[in-house]
C-alpha cells in the first residue's frame, strides 16, 4: 500500500485533490530527510512520514497556533509543525560543515 493510500484511509473522505495530500507527504518526507541527512525516507520511517502528514493536514488553517480556547475546546501546538513526541522517534544523523556523507539506500 502506498503512503498516499494509507494517508487517505486515515483521514477519510476529503475534498482535497491527491496533489494537496502529496504536498503534506512531501513536507513530512523533507523533515525526515533533513533530520536523517538522507535523500530518501528509509523504510523504518515510512509510518512516521504518514503520521507527520496527518498532523500537518489536521493543523491546516491553524498553522503556528500557540493557544486557542472556545466552547470548552482548547488547542495548543507544541513546537513548530510536528509534535516533539513524533520527532523524537526519528534518530538524527549528525553532520558537520565538512560532512559529505549522506545516507543513501
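The values are calculated or read from the model by the stated rules, or taken from the named source; none is laboratory data. Worth saying up front: this structure is predicted, and the values here are computed from it rather than measured. Using ideal geometry, Cβ is built from the backbone for each residue, glycine included, and neighbour counts are taken over all protein chains shown.
Condition check ((1) at pLDDT 75 or above; (2) in a loop (DSSP other than H, G, I, E, B)) across all residues:
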position: 49; (1), (2): yes, no
position: 56; (1), (2): yes, no
position: 74; (1), (2): no, no
position: 85; (1), (2): yes, no
position: 89; (1), (2): yes, yes
position: 98; (1), (2): yes, yes
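The number of residues in the range 17-41 that are surrounded by 14 or more Cβ atoms within 10 Å (Cβ to Cβ) and more than 27 Å from residue 93 (Cα to Cα) comes to 1. If a residue must be farther than 14 Å from residue 2 by Cβ and in a helix (DSSP H, G or I), how many such residues does the range 29-42 contain? So the count comes out to 7.
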